[in-house]
Every structure is written in C-alpha cells, then in structure tokens.
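Below is one structure; the comments refer to it alone.
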Amino acid sequence: GRITAEEAKKSSYLNIVGMVGSIDNDFCGTDMTIGTDSALHRIMEIVDAITTTAQSHQRTFVLEVMGRHCGYLALITALACGADWVFIPESPPEDDWEDHLCRRLTE
C-alpha cells in the first residue's frame with residue numbers, strides 16, 4: 001500500500017534477484033551457496049597449519065567446523081584433507097562408535 005500505481009508503473013522494469021549467503025550449502029536448487037567456497041578455503045588453511053604441529057608432536061587433532069544441521073563443510077573437508085574420521089548430522093554414528101574409534105586409534 002505504500003507504492004502508488006504510478007510509481008509501480010515507472011519501475012515495472014525493475015528486476016530483483018535474491019542470493020543466498022550461507023556457508024552451509026544447504027539451499028535447494030544451487031550448486032554452491034555464497035560463502036561455502038570461502039569457508040572451505042579457510043578451513044583448509046587451518047588444517048594445513050595444524051597438520052605440521054600434529055605430525056611433529058605425533059598427536060591426533062580433532063577439528064570442529066561450522067555447519068549447523070548440514071555436514072557439507074565437514075564432509076568435504078574430511079575428503080580434501082584425508083581425515084580418518086568424520087561426524088555429520090546427515091549420518092549419525094552407530095551406537096558403538098566410541099569403541100570402533102578407539103580400536104582405529106590403537107591400530
């Protein structure tokens with residue numbers, strides 16, 4: 001009710017496009033949302049930085065990434081850096097995951 005018919009007619013050529021900005025990459029109909037690629041890039045920088053420390057100290061590191069209810073960042077990061085283990089909300093761990101993880105670490 002705030003835009004008059006005359007104003008609407010003058011601006012009838014105006015097209016508005018909405019773009020989703022989310023690191024979760026969970027928006028239907030898009031290949032990748034704005035923010036996802038830069039988030040992945042930053043995560044990989046951090047992984048590169050802590051890998052050297054983990055190797056020199058012979059330690060295992062646990063890395064938690066953002067993603068709300070979407071495991072895209074965690075999954076792609078795990079694939080990119082060769083992680084041994086990844087938890088994502090889309091595929092909850094089995095009941096005995098703690099025992100399985102301890103066995104893998106022992107091996």
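Rounded to the nearest 10 degrees, the angle from helix 36-56 to the longest Cα principal axis of the chain is 20 degrees.
Among the listed values (1) 33; (2) 51; (3) 62, the one matching percent of Cα pairs over 22 Å apart as calculated from this structure is (2).
FRET efficiency for the VAL62 to MET19 pair, using the beta carbon distance and R₀ = 35 Å, is estimated at 0.55.
Mean sequence separation of contacting Cα pairs (under 8 Å, at least six apart), scaled by the length of the range 5-106, corresponds to a relative contact order of 20 percent. Solvent-accessible area assigned to carbon and sulfur over the chain amounts to 55 percent, based on a 1.4 Å probe. Calculated accessible area for the chain comes out at 84 Å² per residue, all protein chains present (probe 1.4 Å; ligands, DNA, RNA ignored). Rolling a 1.4 Å probe over the protein heavy atoms leaves MET44 with an accessible area of roughly 50 Å². Taken along the Cα-to-beta-carbon direction at a fixed 7 Å, the label points for ALA80 and CYS28 span 2.7 nm.
The calculated 222 nm mean residue ellipticity attributable to helices in the chain amounts to -13500 deg cm²/dmol, summing -39500 (n - 2.57) over DSSP H runs of n ≥ 4 and dividing by all residues.
The values are calculated or read from the model by the stated rules, or taken from the named source; none is laboratory data. Since the structure is predicted, the reported quantities are computational estimates derived from the model, not experimental observations. Neighbour counts are summed over all protein chains in view; Cβ atoms, including those assigned to glycine, are modelled from backbone coordinates with ideal geometry. For accessibility, only protein heavy atoms count, side chains too; no ligands or nucleic acids. Shrake-Rupley method; radii C 1.70, N 1.55, O 1.52, S 1.80 Å.
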